[in-house]
Amino acid sequence: MRPDSEICHSARLARDRRFDGRFYTAVKTTGIFCRPICPARPPLEKNVEYFATAAEAAVAGYRPCLRCRPDAAPGSAAWGLVSTTVQRALNLMRAEREAQSIERLAERLGITSRYLRKLFAEHVGLSPLQVWQTERALFAFSLLRDTRLPVGDIAFAAGFSSLRRFNAVFKELYQRTPTAVRRESRVRREPEGRRESAKTKLEDVRAKPIQIYLSYRPPFDWPALLAFFAARTLPGVEQVIAGEDPEQGEYLRSFQLLGQRGVLRVAHEPERGRLRVSVFGEGCGAILYPLREKLRRQFDLDADSDEIRGHLQADPLLSAVLKVSPGVRLPGAWDPFEYTLRAILGQQISVAAATTIAGRVASRYGETFAGPEGELLLFPTAEQLRNADFSEIGVTRTRAQTLRTFVAATLNGEIDFDEPDLESFCAQMTALPGIGDWTAHYTAMRGLSMPDAFPASDLGILIALGDGERKATAKQALLRAESWRPWRAYGALLLWQSLKLKSDKGAST
């Protein structure tokens, strides 16, 4: 897991942002570890060592730098290269607010706890508990610096059931208490004479939206990502708010997560390489960590655009699109069940029609929710749709039966959304009557953010790969995409973008 020292040496001296999140520099003389973009004076090479992840540096006894803040770095590229089983374990750990026992985690993965420990030791160099504690402490640090939540609420949001345990882990990692970090950040953030009173009412703190920040590794094509969401926003549930500048557009949606309801609003801060998320809702501080992980996946913030572009640009058709959109990201979904239902509705009809019908599902079976700017809808859960008939939303009887079958299969555990591999998920989906390969792969691509999913029979893909007079066949599309592995989903997205570029070019001539 140790990165190449020569590459790291050159990157940190140049403060090259392309390496942010790829490695961390630990300084032996100070006991501090930093991001490669840290503004502090670079230490001598003989005094440093390099780590692939912040968690590894922390477990080795180094504490995070308070200037460059490793807690705010983009997602670690190193952990994207570990074994599939370890990656699934990491995602399961991040999806829950509280820590899971190693036995429970192994059971969900279908392996023994002993084997899971062995995999973590081999691929990550840390135990699952060490990974959990360091990630949650780093997250708590960001909340202490960026929000006004009380320390007790932050401990709970980070997944610690005991404030004493939280303080112990935090102090071991940072060599200071959470209260000290909060005090220091408040002094730095607020000008003299305008510091917040220590007697601020707790209700006032909780009444305001909580803001968290999600960093990414550039390039990042926010306008293209937002345009994709805008064409598919779910009426009453989602909204894309356009700005005068394409970079100023925002995404808004209602949500229900771990029993908490709220509204989130996502804006782009390109100059800082991050998204700003405002979370509205009482008690939402408790679900900030899983909410953050959901949004990182939905907006594909951990993707390495440079690596993906380098792999796909060998194809001339994709290369032409990548020149226009070098920061391509895979638009994900807030909830896999919600999106799978929408994918089934979208079979053999237009995007606009499928979105309209999905809005009817939300309106008829969902619950209303009082948002900060008016009434919103919460998309119904599988349990709420248990007895839904779907006959009055504008679909055929056959499609309505497929929806009922899918809901029942989800409730019975026949459909596994907990990080299955691509082949097994598609097999589960296509085993249901009325669901074909296109729906399975499209759901895997958007609902589960699987980078190698490829809906080969998609009409847009076949037209993009055609010769202008005839569209390609699904078999030809699969053969063409074989060299794109493991990034076929990004290839599909670029093919759809190529059609838009052709349309825009035709309209301008």
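The values are calculated or read from the model by the stated rules, or taken from the named source; none is laboratory data. Keep in mind that what you see is a predicted model, and the values were worked out from it rather than measured. Don't worry about glycine lacking a Cβ; one is built from the backbone with ideal geometry, like all the others, and counts go over all protein chains shown.
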Just for region 440-498: of the residues that are over 17 Å from PRO336 (Cβ atoms) and of a type in the set (S, T, N, Q), which one is surrounded by the fewest Cβ atoms within 10 Å (Cβ to Cβ)?
-> SER483
Within region 346-360, is even one residue touching a strand residue (DSSP E or B) at 6+ places or on another chain (Cβ under 8 Å) and touching a residue at least 24 places away in the same chain (Cβ under 8 Å)?
-> no
Got a number for residues in region 346-381 being buried (at least 18 other Cβ atoms within 10 Å of the Cβ) and part of a loop (DSSP other than H, G, I, E, B)?
-> 5
Here the residues within region 314-336 that are more than 26 Å from ARG485 (Cβ to Cβ) and surrounded by 21 or more Cβ atoms within 10 Å (Cβ to Cβ) are TRP334
Check region 267-277 and report whether any residue there is without any contact (Cβ under 8 Å) to a residue 40 or more places away in the chain, part of a strand (DSSP E or B) and of a type outside the set (D, E, K, R).
-> yes
Considering region 14-62 alone, what residues qualify as being at pLDDT 90 or above, assigned to a strand (DSSP E or B) and not β-branched (Val, Ile, Thr)?
-> PHE23, TYR24, ALA26, PHE33, CYS34, GLU49, TYR50, PHE51
Read through the list (1) within 20 Å of ARG232 (Cβ to Cβ); (2) outside any helix (DSSP H, G or I); (3) not basic (Lys, Arg), then give the number of the only condition that GLY468 fails.
-> (1)
Of the residues that sit in region 63-87 and are over 22 Å from the mean Cα position of the chain (by Cα) and of a type in the set (D, E, K, R), which one is modelled with the highest pLDDT?
-> ARG63
Filter region 32-48 for residues that are of a type outside the set (S, T, N, Q) and more than 14 Å from PRO70 (Cβ to Cβ) and give the result.
-> ARG41, PRO42, PRO43, LEU44, GLU45, LYS46, VAL48
